[in-house]
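Quick notes on the structure that follows.
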There are 4 protein chains.
Amino acid sequence: MLQPKNPDFKQTIIKKLERQHFMHHIGFNLTKIEPGCIEGELIIEEKHEQQIGFLHGGVTSTVADLVMGFAAYSLVDINEATVTSDLKIAYLRPGIGHKVIAKGRVIKAGNLLYFCEADIICIDKQGNETLIARGYSTMCAIKI
Amino acid sequence: MLQPKNPDFKQTIIKKLERQHFMHHIGFNLTKIEPGCIEGELIIEEKHEQQIGFLHGGVTSTVADLVMGFAAYSLVDINEATVTSDLKIAYLRPGIGHKVIAKGRVIKAGNLLYFCEADIICIDKQGNETLIARGYSTMCAIKI
Amino acid sequence: MLQPKNPDFKQTIIKKLERQHFMHHIGFNLTKIEPGCIEGELIIEEKHEQQIGFLHGGVTSTVADLVMGFAAYSLVDINEATVTSDLKIAYLRPGIGHKVIAKGRVIKAGNLLYFCEADIICIDKQGNETLIARGYSTMCAIKI
Amino acid sequence: MLQPKNPDFKQTIIKKLERQHFMHHIGFNLTKIEPGCIEGELIIEEKHEQQIGFLHGGVTSTVADLVMGFAAYSLVDINEATVTSDLKIAYLRPGIGHKVIAKGRVIKAGNLLYFCEADIICIDKQGNETLIARGYSTMCAIKI
């Protein structure tokens, strides 16, 4: 339903990923790049934890920001980039598991503002999924 | 004004930091631990950047979450921990500079919920400060 | 799926409505009361508008708060009430139409905190629906 | 510090108020109109209450939206209006008192986006003030 303005959005995103240093630093990878819809995952290691041994809330907010930001970026014109204007995370349950999956989507694409939502899901070694957080953001298109 | 229930809150926090793996992974350190008021800093390196070369929004949200979480944690009882219930970041300006400073404070301490705010500031090599984001969160005390 | 702790939640809510003065003042009525799921509607009149002639954002936030608050309230124990801890509204499109429908639901019910979401929809005289806003909130259960 | 683009912003706002129907419906009046800084007040009556007898959260969110919206509007060009993109309210304490005061300010004015904050304060008959909520919003300038 959502139409990308840049037909080569997938290649544009893949190229952008090279310089996504913080994303590489935490070990997150994209697994799906569709118009207005981005998914990715991360294998949980000790470095991702906070003091109680749960997934750190900063990892959750980072992967939410990434999939929502790229979901908006998949829809903009070739001479535009997107920046996060506003990010909110509702932490529903403790992050425990083997892997984190983040799914971001654009729920309203405007000329300038892209409203997005995300599901952050933990998966244990048996494959059981738990929704640990919901992300909500406004992304703003800027000319580059 | 804000009274800690645990008189040894400073030692309790310092001990907790050992297992704050994600905080160490990104290179953030606390510089001030007062009741309801926490500050910290991080030297910006390439690993903290997103594709345009600005500080990644995930770093901003992580350090905001850290200083607000510890600000709440400085006030709870010795048998309590705090978890983030809700985190919002308003990204005011691009993150550019040599160093990021995060300042978190509790604006209302309840029995269960701690409302917090944070300033995230970039500093260049000449010492000029720029407020790049504001953080707002609700922290929830849990028995441990 | 969501189980109410108070089997008479519907009667409890209907009785509470009598003293919901601000809800009556704006002319909003509930149309559906199910466990964790509340809907209501309001006929748009001139008194609900802002200066451009759109539905006022305060009406949108009020009806979002109402359906999310009652969605949480439908699940709590008979000796508990709920208060809004945190409310966020994403204003997606201008509010234009004959009627506003608000649909609130609990997405995670805890012991103390209830995370909720809402859809706010405008309907014109031909019955066409437009999603004008999404609401997100944390409701907190308190003993009464 | 904040410079209005429209030197007649005060008159422009006063004229706009005539058609602020929902603001009149709830009985809120502006008491201060300065560049990027707006205040107003409302005498609390039974119609503003929710079922427990506290100020309704919808009144709080409406007055927060109003003072932040006008704070942004005081800074835009004469051919621009502002719409709320994102509104968040942190409900710190129950709203009890004789009067509500709302103070809104722009914390960052951009070309398109205005980041705002608000204090919502209840005052009892003895003049004691209580901060009952904080509001945070992003306002977006649109050409008219």
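The values are calculated or read from the model by the stated rules, or taken from the named source; none is laboratory data. Owing to the predicted nature of the structure, the values given are computational and were not obtained by experimental measurement. Glycine gets a Cβ as well: all are built from the backbone with ideal geometry, and neighbour counts include every protein chain shown.
Scan the range D:27-51 for residues that are closer than 17 Å to D:ASP124 by Cβ and part of a loop (DSSP other than H, G, I, E, B) and report the count. First the steps, then the outcome.
From the range D:27-51, those closer than 17 Å to D:ASP124 by Cβ are D:41-46, D:48-49; that's our starting set.
The next check asks that each one be part of a loop (DSSP other than H, G, I, E, B); those that pass are D:44-45.
The number of residues fulfilling the criteria is 2.
Every residue, every condition in (1) modelled with pLDDT of 95 or more; (2) of a type outside the set (S, T, N, Q); (3) closer than 21 Å to C:GLN3 by Cα; (4) surrounded by fewer than 21 Cβ atoms within 10 Å (Cβ to Cβ), yes or no:
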| residue | (1), (2), (3), (4) |
| --- | --- |
| C:HIS48 | yes, yes, no, no |
| C:ILE52 | no, yes, no, yes |
| C:THR60 | yes, no, no, no |
| C:VAL67 | yes, yes, yes, no |
| C:LEU75 | yes, yes, yes, no |
| C:SER85 | yes, no, no, no |
| C:LYS88 | yes, yes, no, no |
Quiz item: If you go through the range D:122-142 one residue at a time, do you hit one that is assigned to a loop (DSSP other than H, G, I, E, B), within 23 Å of C:PRO94 (Cα to Cα) and at pLDDT 95 or above?
Solution: no
Quiz item: Which one is farthest from A:GLU80 (Cα to Cα) among residues in the range A:102-116 that are within 11 Å of chain C (Cβ to nearest Cβ) and surrounded by fewer than 22 Cβ atoms within 10 Å (Cβ to Cβ)?
Solution: A:ILE107
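Pick out the one residue from C:ASP77, C:ASP65, C:ASP119, C:ASP124 that is within 11 Å of chain D (Cβ to nearest Cβ) and among the charged types (D, E, K, R). Break it down into steps so the answer makes sense when it comes.
Values: C:ASP77 fails: within 11 Å of chain D (Cβ to nearest Cβ); C:ASP119 fails: within 11 Å of chain D (Cβ to nearest Cβ); C:ASP124 fails: within 11 Å of chain D (Cβ to nearest Cβ).
Being within 11 Å of chain D (Cβ to nearest Cβ) and among the charged types (D, E, K, R) holds for just one of C:ASP77, C:ASP65, C:ASP119, C:ASP124, which is C:ASP65.
Residues are listed down the side, and each one gets a yes or a no for (1) farther than 30 Å from C:GLY110 by Cα; (2) of a type outside the set (Val, Ile, Thr); (3) touching a residue at least 40 places away in the same chain (Cβ under 8 Å):
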residue: B:GLN50; (1), (2), (3): yes, yes, no
residue: B:LEU66; (1), (2), (3): no, yes, yes
residue: B:VAL83; (1), (2), (3): no, no, yes
residue: B:ASP86; (1), (2), (3): no, yes, yes
residue: B:LYS99; (1), (2), (3): yes, yes, yes
residue: B:VAL106; (1), (2), (3): no, no, yes
residue: B:TYR114; (1), (2), (3): no, yes, yes
Quiz item: Looking at (1) outside any strand (DSSP E or B); (2) under 20 Å from D:SER61 (Cα atoms); (3) over 13 Å from the mean Cα position of the chain (by Cα), can you tell me which one C:ASP77 breaks?
Solution: (2)
Quiz item: What single numbered condition from (1) surrounded by fewer than 18 Cβ atoms within 10 Å (Cβ to Cβ); (2) closer than 18 Å to A:GLY57 by Cα; (3) not aromatic (Phe, Trp, Tyr) fails to hold for B:MET139?
Solution: (1)
Practice problem: Among the numbered conditions (1) within 13 Å of chain B (Cβ to nearest Cβ); (2) touching a strand residue (DSSP E or B) at 6+ places or on another chain (Cβ under 8 Å); (3) not hydrophobic (A, V, I, L, M, F, W, C), tell me where A:THR130 comes up short. | Solution: (1)
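Each row is one residue, and each column tells you yes or no for (1) more than 21 Å from C:VAL100 (Cα to Cα); (2) of a type in the set (A, V, I, L, M).
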position: C:LEU2; (1), (2): yes, yes
position: C:GLN11; (1), (2): yes, no
position: C:HIS24; (1), (2): no, no
position: C:GLY27; (1), (2): no, no
position: C:ILE38; (1), (2): no, yes
position: C:GLN50; (1), (2): no, no
Self-check item: Given (1) assigned to a loop (DSSP other than H, G, I, E, B); (2) surrounded by fewer than 22 Cβ atoms within 10 Å (Cβ to Cβ); (3) in contact with a Phe, Trp or Tyr (Cβ under 6 Å, 6 or more places away or on another chain), number of the condition B:GLY95 does not satisfy
Solution: (2)
Self-check item: Inter-residue pairs, beta-carbon under 7 Å, first polar (S, T, N, Q) and in the range B:12-23, second buried (at least 16 other Cβ atoms within 10 Å of the Cβ), 6+ apart
Solution: B:THR12/B:ASN6; B:GLN20/A:GLN50; B:GLN20/A:GLN51
Quiz item: Any residue at all in the range C:26-43 that is at the interface with another protein chain (Cβ under 8 Å from one of its Cβ atoms) and under 21 Å from D:GLN51 (Cβ atoms)?
Solution: yes
Practice problem: Please determine, by comparing only the residues of the range D:26-46 that are within 28 Å of D:PRO4 (Cβ to Cβ), out of contact with any strand residue (DSSP E or B) (no Cβ under 7 Å at 6 or more places or on another chain) and not aliphatic (A, V, I, L, M), which one is surrounded by the most Cβ atoms within 10 Å (Cβ to Cβ). | Solution: D:PRO35
